[in-house]
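Inspection log for the structure reproduced underneath, given as structure tokens.
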Amino acid sequence: MKISVIVPCYNEQEVLRETCRRIKDVLASNGLTDHEMLFVNDGSTDGTPLLLREFAERDRAVKVIHFSRNFGHEAATAAGIQHCSGDIAFLLDADLQDPPELIPEMIALWRKEKSNVVYGVRKSREGETFLKKLTSKLFYRFFNAISDVPFPIDTGDFRLIDHKVIAEFKRLGERKMYVRGLLTWVGFKQIPFFYERQKRFAGTTKYNYRKLLRLSFDIIFSFTKRPLKLALELGAASVIISLLLLLYAFVSRFIAPLPGWASTIIIIIFFGGVQLLTIGVIGEYIAIIFDEVKRRPQYIIDELMNLDAPVDKDRSNRR
Ligand code: UDP
Ligand code: MG
């Protein structure tokens, strides 16, 4: 059984040596000799490309995909899955927040449960701010309330996926991929694995609140059409409110006349708001369609190391 370990890297020079060593150690000490370590260099501007070059030259099991620029974490992870050739694959962050030492335990659970996915659930999240944990929880609660396919809470990318899931992922035709969402969406038997999420080994987080907010919107708009329905419901509600107001205005004409300008302004602002909100929601979906019809790839590869032919030739030409 061949094991792929997929690691997206963006400016991770402080941690990479340790990451590579720890992954290799755990694979070697558990007799998992048939393996590949697939690093995706997401347009790093520090010493990351050089380090990866060194690893790949020393060890043929280290494979590297260099992007032509920074395309983001999602694109890097997607590229890793699309190029992996293992029977099972692990998604791991470069910063060692998800300890590679858990790989054997996850394989054991995968075997025992005969599952297709073993996804890591964070029992605790060391070194993350209270605000980040709270907003993440609130977001998933909200998302699950409106989404058809609920996502597990406190789950990141850290997971084991087997060949069935890898094959389905490679067949997906979407341009913009939100990896962990799609890996939940494909279905099959998915089993949680509880673990303690560590502090970042070194370096700093590549996500800021602006990026996280953008990511949240992307998830909502690419996995559920509920906002469109909400817009419709909001429109219907405001029509009803305006009819009631009309009635009120008509009746009050005979009792105590309303001051004209205040009520007019309030109504104009209210409906202006409703209309802009609705247009905004439609706009988000049009933006997604726009991205898809352009058929631009999600990422561009500059160079492949120790990786001659991508597993699915047809797809690699298009992506
Ligand atoms: N990453 C990436 N491209 C980016 C941003 C991040 O490949 O544009 C990688 C990064 O190197 C790390 C993983 O994605 O391996 C998770 O990033 P980070 O640790 O900064 O996120 P956090 O754990 O703070 O959410
Ligand atoms: Mg991290």
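Tabulated results
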item	result
Share of carbon and sulfur in the accessible heavy-atom surface of the chain [1.4 Å probe, %]	63
Considering only the chain, percent of DSSP beta bridges that pair antiparallel, nearest 5	35
Of the DSSP H helices in the chain, those whose Cα atoms cover at least 24 Å axially and whose Kyte score averages 0.0 or more	130-146, 226-252, 260-294
Difference of contour (0.36 nm per residue) and Cα-Cα distance, residue 295 to residue 196	31.7 nm
Largest-first principal axis extents, alpha carbons of the chain, Å	89, 39, 36
Rounded Å value of the spacing that divides the Cα centres of the range 178-238 and the range 34-65	28
Pairwise FRET efficiency - residue 264 versus residue 211, Cβ, R0 = 35 Å, nearest 0.05	0.25
Debye, to nearest 20: dipole size of the chain, +1 on Lys, Arg Cβ, -1 on Asp, Glu Cβ	760
Net charge dipole size for the range 25-170 [Lys, Arg +1 and Asp, Glu -1 on Cβ; Debye, nearest 20]	440
Two-site FRET efficiency, residue 279 against residue 248, from Cβ-Cβ distance with R₀ of 25 Å, rounded to 0.05	0.35
Difference of contour (0.36 nm per residue) and Cα-Cα distance, residue 114 to residue 237	39.4 nm
In the range 23-141, lysine pairs with alpha-carbon atoms under 21 angstrom apart (chain gap of 8 or more, or interchain)	4
For a label point 7 Å along the Cα-to-beta-carbon line of residue 137, residues of the range 195-221 with backbone N under 17 Å	195-197
Long-range HN-HN contacts of residue 62 with modeled amide H, under 5 Å	37
Surface per residue (accessible, 1.4 Å probe) for the chain, Å²	53
Highest-MSF residue in the chain out of 301, 255, 286 [GNM, Cα springs under 10 Å]	255
Per-residue [θ]222 nm for the chain (sum of -39500 (n - 2.57) over DSSP H runs n ≥ 4, rounded to 500)	-16500 deg cm²/dmol
Distance between modelled label sites at residue 167 and residue 204, nm, 7 Å Cα→Cβ extension	4.5
Choice from 159, 141, 214 showing the highest fluctuation, given a GNM over the chain with Cα pairs closer than 10 Å	214
Net charge dipole size for the range 229-299 [Lys, Arg +1 and Asp, Glu -1 on Cβ; Debye, nearest 20]	100
Space enclosed by the convex hull of the alpha-carbon atoms of the range 128-255, per residue, Å³	185
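The values are calculated or read from the model by the stated rules, or taken from the named source; none is laboratory data. Since this is a predicted model, take the numbers as computed values, not measurements. Positions of Cβ are generated from backbone atoms using ideal geometry, with glycine treated the same way; all protein chains shown enter the neighbour counts. Heads up: the accessible areas ignore ligands, DNA and RNA and are worked out on the full protein's heavy atoms, side chains in. Shrake-Rupley method; radii C 1.70, N 1.55, O 1.52, S 1.80 Å.
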